[in-house]
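Reading through the C-alpha cells given below for one structure.
Nothing in this text is a laboratory measurement; each read-out follows from the coordinates by a stated rule. Remember, it's a predicted structure, so these values are computed and weren't measured experimentally. Here the Cβ is made from the backbone with ideal geometry for all residues, glycine too, and neighbour counts use every protein chain on show.
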Amino acid sequence: MFCSQCGVEVADAAAFCRKCGASLRDDVAPPAPQPVEQQPPAQQVYQQPTPQQQVMTQQRPAATQTMRHTLGATKPVQPAIGVAVMIGSALAVIGTMVPWIDFAGATANGFDGGYLTGSSMGDGNDGIVILLLGLAAGALAVHYFMKPNPLLSLGSLILGAAAAGVAGYDLVRLISDIRDGCGGCNVMDYLGFGLYVSIAGGAIAAGAAFMGFRREGSM
C-alpha cells in the first residue's frame, strides 16, 4: 500500500504514514502535535559573599576616609629648602669676616670701614649690615622645619636679597676706589673673596626662599 500524500510505500495494516504522518484510514485521526516544552529563561545565580569579602567591603570606605583626613590634616614641611636658606645665610655672614681687600699683606674685612670709602651706609661698616641681614634670614628659615608660612618665606627672600645687594654694591664701590687710588693697577690683585662669599650666600638664601614661597603659596 502507498501513502496518498507522499507516495511512500507503507504496510497494509499501518494507520499512519511512516514518513509524513498522514492518516491512511478515514476512521483514525492523525495524532495531535505535541507542544514543545518551553524552558524557563536562565536566571542569574546570586552568590552570597564570603565573610572575608564582607569585612573588606566594610573596611574599605573607612580606610579611604581615614587616609583623606590624614593627608588633609598634615601640612608638609620643607626641610631641604630650610637647609638651603640657612647655608646661604651662613655664607653671607662668613663673608663679612674674611678679607674684602688685601694690599701689601694688610687685609680688611667688612668691619674695617676705614678701607671702604664711599660705602652705601656712609660709615664704611656695611659688614655689620650684611651680618644682621644674614642672621635674620637664617632665623626666619626655621619655619621650614615646623610649619609652612609664605610670609616668613617672603621675609627670608627679602633679607637674603638685601644682603646680596649690599655686598654687591660694596664690591662695585671698592673696585672704583681701588682704581682711583692706584691708577692703572690690576684691581683683582687687591680684592679679597669676602664680598664674593657674601654675595653668593645672599643669592642662595634668596633663591631658596623664593622656591619655598612659591610652594607654600600654592598649598
- Query: Can you give the extra length, in nm with one decimal, that the chain gains between VAL187 and ALA106 once fully stretched, where that is 0.36 nm per residue apart less the Cα-Cα distance?
  - Reply: 27.6 nm
- What is the calculated FRET efficiency for VAL77 to MET97, with r their C-beta to C-beta distance and R₀ = 45 Å, to the nearest 0.05? 0.90
- Query: Shape of segment 128-180 from its Cα gyration tensor (a ≥ b ≥ c, root eigenvalues): rounded if a/c is under 1.5, otherwise prolate when a/b > b/c, or oblate?
  - Reply: prolate
- With the Cα gyration tensor of segment 79-217 in hand, convert its eigenvalues to equivalent ellipsoid semi-axes via √(5λ) and list them largest first in whole Å. 32, 12, 12
- Local electrostatic count at ALA208 - Lys and Arg +1, Asp and Glu -1, tallied over other residues with Cβ under 15 Å: +1
- Exposure proxy check on ASP180, ASP112, ASP126: fewest-to-most Cβ neighbours within 10 Å is ASP180, ASP112, ASP126
